[in-house]
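The values are calculated or read from the model by the stated rules, or taken from the named source; none is laboratory data. A quick note: this is a predicted structure, and the numbers were derived from the prediction, not measured. Cβ atoms come from the backbone with ideal geometry, glycine included; neighbour counts cover every protein chain shown. To get the accessible areas, we keep the full protein, side chains included, count just its heavy atoms, and leave off ligands, DNA and RNA. Shrake-Rupley method; radii C 1.70, N 1.55, O 1.52, S 1.80 Å.
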Amino acid sequence: MGKNYSRPQALTDVVTHYCPGCGHGILHRLVAEIIDELGIRGSAIAVAPVGCAVVAYDYWDIDCAEAAHGRALAVATGLKRVQPDKIVFTYQGDGDLAAIGTAETIHAANRGENLTVIFVNNAVYGMTGGQMAPTTLLSQKTATTPRGRQAATEGYPLKISEMLALLNGVVSVERTAVSSPKEVLNTRRAIKDAFMNQMERKGFSIVEVLSMCPTYWDKSPVDAARWISEEMVKYFPLGKIK
Amino acid sequence: MKKTILYSGNEAMGEAAIRAGLKFYAGYPITPQNELTAYMADQLSQRGGIFIQSESELAAINMIFGASAAGARVMTSSSSPGISLKQEGISYIAGAQLPAVIINVMRAGPGLGNIWPAQSDYFQATKGGGHGDYHLIVLAPASVQESFDLTRLAFELADRHRIAVMVLSDGLLGQMMEGLTFDEELAPPAAVEKPWALTGASGRKPHVVCSLFMKRPDVEKNNLILQKKYRRVASREVRYAETFMDDAAMAVVAYGSVARIAEAVVRRLRAKGKKVGLFRPVTLWPFPAKRLADLSRRVKKFLVVEMSYGQMVEDVRLSVEGREAVSFYGRSGGGVPTESQIEREVLKSLSAPLKRRRR
Ligand SMILES: Cc1ncc(C[n+]2csc(CCOP(=O)(O)OP(=O)(O)O)c2C)c(N)n1
Ligand code: SF4
Ligand SMILES: [Mg+2]
């Protein structure tokens, strides 16, 4: 019997720094598999965020720029405009994409930049120690909402994907999860579609992925995955938004 | 063939950039540099480059970060409040060692201030501006012609040293019109190899453009690389201009548009037999400290004039190291030092007793 599960070529052979059960590791692998499958290792350029995935460039065997916190889509715009034949994508957390980088996100989308965005919604700021993110659920406890997020003072979790779907420049918006094998496979398909949109020069595509942060959700990896499929999806429903 | 046209300083910088091979420009409107952004919108896309009106100065500086990482010649422009917003990105550009040209057509601050000319961003431009130990090369034109020539030079220096270069203009220089002469056939500065650029890792190991280093010794290493580069720049790229300095007993030190006003004063006083000269730094960083130190062994008095309340004067004082008296005259917040005000200050300084040396 042949070997049917091995490390994708676009994934480097190192141990990642992610916590056990973290969604980032799964997503990195999916992105690498898709790069292999589409044969774009030599033309893909990643833009890493500031967040737990800041050193994604250590894990992908492709060219990569590291952007300031929130500015990934401005950096990607510059990279792509001067090299329209390269496949440029950003990989951003919820704080990066939907708080400090909201303006860059909305305007890159609205310009219809031909880019692919992987948006990792883990409902907290992982890197800085589990503070509230724009996507933190109501009542969810974080370092900066110690008694749970309250709509009256912190507002509601931000549905930025739904907002982006309103923009004419955006060709595709989809929300998926990495909380079960079935969802992982669907995420893989959605990210591949988003890359193919760019290769076909269709425009701006974003995949929002609900992703586990067991460490700052204070849950075991199994419970964290269950929390996505039982709680997060109620507010952030999965599926194609546009 | 040489061509002479009547141009504003803002347009001259735009034309120089395009002729220097600018590939990507991003900017956000702000007075008094709007003509430059409009010039780029009109001209750059017609002449083989890419223009983006960004949603903010933050976005603009990060767009040029990306385009420069891809190996392109890049530029952004703004005026003081917008340059403050760009500081984060400038620090990242410095940390990642990306070549870039940044134009600041200075206006009065602090805060929103107003659109009138000022030189009050000298500290911000020459001492770092953003976080971390870094420098930009800072070029200070004093005419429309120099706005053109120094913008071209900025692209050469940026590529030569993998550094961000700021052209520090002001509302006066940006708006005023003068004759501008350039050679229509002059080719852009020769392209330099950019073996670090992000062009897709086809057939090679990946490139990474970043300013983050997870291991502490690596951050220090990156800093030491930067410091070495700054020493190299400081030893090679100092530029200044002198008028009547050969036998001057007193020097007026001024840059940019103030140097123009001061020069008129110096010429008039020379005609009256006063031994006054003008020393004009062209690079504000690296600062012509050594030349000023040498001059201070012979020149007995220095008067620094700025459109600020005293910023460059600190560098002049550091340069002469207390050997000679350095006096200062400045106006800011939209006030422009007049010829008669500068003349009054020069005469005051000339008649003051010499600094007594302690033995
Ligand atoms: C300008 C700036 N502000 C704040 C920070 C600190 N910071 C680093 S990562 C981060 C939040 C990251 O959260 P997210 O984008 O959700 O990514 P995650 O770590 O959850 O994957 C913050 C606030 C920074 N690096 N830069
Ligand atoms: S803190 Fe959360 S997001 Fe960051 S690596 Fe750990 S589990 Fe993943
Ligand atoms: Mg997050």
Within region A:157-171, of all residues that are part of a loop (DSSP other than H, G, I, E, B) and closer than 21 Å to residue A:133 by Cα, the one most open to solvent (accessible area, probe 1.4 Å) is A:159
Out of region B:186-212, which residues are within 12 Å of chain A (Cβ to nearest Cβ), in a loop (DSSP other than H, G, I, E, B) and more than 16 Å from residue A:83 (Cα to Cα)? B:203, B:204, B:205, B:206, B:210, B:211, B:212
Do we find that residue A:88 is away from ligand 3 (no atom under 12 Å from the Cβ), touching a helix residue (DSSP H, G or I) at 6+ places or on another chain (Cβ under 8 Å) and among the β-branched types (Val, Ile, Thr) in this structure? yes
Residue A:39 meets each of (1) of a type in the set (Gly, Ala, Ser); (2) within 7 Å of chain B (Cβ to nearest Cβ); (3) without any contact (Cβ under 8 Å) to a residue 12 or more places away in the chain with one exception, condition (2)
Out of B:12, B:38, B:16, B:26, which single residue is farther than 23 Å from residue B:189 by Cα and in the same structural domain as residue B:151 (by TED's automatic domain parsing)? B:38
Which members of region A:114-145 meet the condition of being hydroxyl-bearing (Ser, Thr, Tyr) and within 11 Å of ligand 2 (Cβ to nearest atom)? A:125, A:128
Of all residues in region A:116-156, count the ones that are among the hydroxyl-bearing types (Ser, Thr, Tyr), outside any loop (DSSP other than H, G, I, E, B) and open to solvent by 20 Å² or more (accessible area, probe 1.4 Å). 2
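On the phi < 0 side of the Ramachandran plot, at pLDDT 95 or above and either within 11 Å of chain A (Cβ to nearest Cβ) or out of contact with any strand residue (DSSP E or B) (no Cβ under 8 Å at 6 or more places or on another chain) (or both): is that true of residue B:53 in this structure? So that I can check it myself, show each step before the final result.
On the way: on the phi < 0 side of the Ramachandran plot: yes; at pLDDT 95 or above: yes; either within 11 Å of chain A (Cβ to nearest Cβ) or out of contact with any strand residue (DSSP E or B) (no Cβ under 8 Å at 6 or more places or on another chain) (or both): yes.
Against the criterion (on the phi < 0 side of the Ramachandran plot, at pLDDT 95 or above and either within 11 Å of chain A (Cβ to nearest Cβ) or out of contact with any strand residue (DSSP E or B) (no Cβ under 8 Å at 6 or more places or on another chain) (or both)), residue B:53 qualifies.
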Please enumerate the residues belonging to region A:64-86 that are open to solvent by less than 10 Å² (accessible area, probe 1.4 Å), β-branched (Val, Ile, Thr) and touching a Lys or Arg at 6+ places or on another chain (Cβ under 9 Å). A:77
Going by the structure shown, is residue B:116 aromatic (Phe, Trp, Tyr), within 14 Å of chain A (Cβ to nearest Cβ) and surrounded by fewer than 22 Cβ atoms within 10 Å (Cβ to Cβ)? no
If you go through region A:53-70, how many residues are within 16 Å of ligand 3 (Cβ to nearest atom) and more than 19 Å from residue A:13 (Cα to Cα)? 3
Among B:280, B:297, B:317, the single one that is open to solvent by less than 40 Å² (accessible area, probe 1.4 Å) and among the basic types (Lys, Arg) is B:280
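Here's the yes/no breakdown for (1) within 16 Å of ligand 2 (Cβ to nearest atom); (2) within 14 Å of chain B (Cβ to nearest Cβ); (3) under 17 Å from the mean Cα position of the chain (by Cα):
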position: A:174; (1), (2), (3): no, no, yes
position: A:190; (1), (2), (3): no, no, yes
position: A:198; (1), (2), (3): no, yes, yes
position: A:207; (1), (2), (3): no, no, yes
position: A:211; (1), (2), (3): yes, no, yes
position: A:214; (1), (2), (3): yes, no, yes
position: A:217; (1), (2), (3): yes, no, no
position: A:221; (1), (2), (3): yes, no, no
position: A:235; (1), (2), (3): no, no, no
